[in-house]
1. I need a count of the residues in the stretch 107-139 that are in contact with a Leu (Cβ under 8 Å, 6 or more places away or on another chain) and either buried (at least 16 other Cβ atoms within 10 Å of the Cβ) or modelled with pLDDT of 95 or more (or both).
2. Residue by residue through the stretch 37-51, note down the ones that are outside any strand (DSSP E or B), modelled with pLDDT of 95 or more and either surrounded by fewer than 17 Cβ atoms within 10 Å (Cβ to Cβ) or not aromatic (Phe, Trp, Tyr) (or both).
3. Which ones in the stretch 185-217 are at pLDDT 95 or above, surrounded by 13 or more Cβ atoms within 10 Å (Cβ to Cβ) and of a type outside the set (A, V, I, L, M)?
4. Confirm whether Ile32 is surrounded by fewer than 18 Cβ atoms within 10 Å (Cβ to Cβ), in a strand (DSSP E or B) and not acidic (Asp, Glu).
5. On the given criteria, is Thr102 in contact (Cβ under 8 Å) with a residue 12 or more places away in the chain, assigned to a loop (DSSP other than H, G, I, E, B) and polar (S, T, N, Q)?
6. Checking the structure you have, find out if any residue of the stretch 139-162 is part of a helix (DSSP H, G or I), farther than 19 Å from Lys16 by Cα and either over 22 Å from the mean Cα position of the chain (by Cα) or among the hydrophobic types (A, V, I, L, M, F, W, C) (or both).
7. Here's a check for you: in the stretch 163-181, which residue that is assigned to a loop (DSSP other than H, G, I, E, B) and on the phi < 0 side of the Ramachandran plot is surrounded by the fewest Cβ atoms within 10 Å (Cβ to Cβ)?
8. Of all residues in the stretch 152-162, count the ones that are surrounded by fewer than 14 Cβ atoms within 10 Å (Cβ to Cβ) and either touching a strand residue (DSSP E or B) at 6+ places or on another chain (Cβ under 6 Å) or in contact (Cβ under 8 Å) with a residue 60 or more places away in the chain (or both).
Amino acid sequence: MIMEVKETTTAPTLPKIGEPAPDFEAKTTKGIIKLSDFKGKWVVLFSHPADFTPVCSTEFMAFASRQKDFEARNVQLIGLSIDSIYSHLAWVKDLEEMSGVTIEFPVIADLDMKVSSKYGMIHPAQSETAAVRAVFIIDPEQIVRGILYYPLSTGRNIDEILRFIDALQFTDKTGLATPANWQPGEPAIVPPPTTLEDVKKDEAKKDEYAEFKRWYLRYKKA
């Protein structure tokens with residue numbers, strides 16, 4: 001009896017929030033780097049579809065113009081696209097001449113798509129040969145803490161990426177959660193109580209909070 005053997009395909013396992021970020025070794029505009037080289041720093045790993053394209057050019061100049069803001073937060077920027085190192089070097093030089101801003105962060109030349117595949121940056125419905133605009137925020141212990149994905153047509157907002165990092169670092173420091181549209185210096189959310197006894201205790205000391213809307217929504221100044 002001949003049994004039919006069906007081929008099975010396994011979907012790629014992508015990094016998830018709270019899991020270790022996949023390590024890699026890659027050729028970049030700053031030489032060979034490994035993700036593990038940056039342990040102890042926050043990392044923003046971001047991909048772009050291609051060099052010498054208009055939306056990507058605006059993003060790189062925007063990232064470069066805010067490098068000091070990222071450095072102040074102990075953040076290492078790392079760019080990536082499926083282009084050669086020579087293409088990266090020519091494009092970076094052109095962007096610097098155009099903008100007057102030096103691009104100090106490394107840009108990965110991911111021609112073999114090893115890094116972009118590890119991080120799920122290739123979305124075939126958009127392109128099989130270009131990475132979408134992915135952003136991975138990785139903490140000093142090399143744990144994935146945030147993920148953002150944008151289509152090829154939409155440029156990223158650098159202020160929001162910085163705000164995202166501020167919120168993560170603030171929560172690590174204080175244990176408080178950040179509400180919608182939170183900005184540094186604003187009140188943040190106290191984790192809700194988990195027992196009826198604690199609910200009653202909190203309601204008895206409403207005046208201690210910056211704002212007490214409900215037992216499950218209380219604001220505190222950090």
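1. 18
2. Residues satisfying the conditions are Asp37, Lys39, Gly40, Lys41.
3. If the condition is that a residue be at pLDDT 95 or above, surrounded by 13 or more Cβ atoms within 10 Å (Cβ to Cβ) and of a type outside the set (A, V, I, L, M), then Glu186, Pro187 are the ones that fit.
4. Taking the combined requirement at face value, the residue satisfies it.
5. It is true that Thr102 is in contact (Cβ under 8 Å) with a residue 12 or more places away in the chain, assigned to a loop (DSSP other than H, G, I, E, B) and polar (S, T, N, Q).
6. There is at least one residue in the stretch 139-162 that is part of a helix (DSSP H, G or I), farther than 19 Å from Lys16 by Cα and either over 22 Å from the mean Cα position of the chain (by Cα) or among the hydrophobic types (A, V, I, L, M, F, W, C) (or both).
7. Ala180
8. Residues in the stretch 152-162 being surrounded by fewer than 14 Cβ atoms within 10 Å (Cβ to Cβ) and either touching a strand residue (DSSP E or B) at 6+ places or on another chain (Cβ under 6 Å) or in contact (Cβ under 8 Å) with a residue 60 or more places away in the chain (or both): 2 in total.
The values are calculated or read from the model by the stated rules, or taken from the named source; none is laboratory data. Computed from a prediction, not measured in an experiment: that's the story for all the values here. Reconstructed Cβ throughout: ideal geometry from the backbone, glycine too, with neighbour counts over all protein chains shown.
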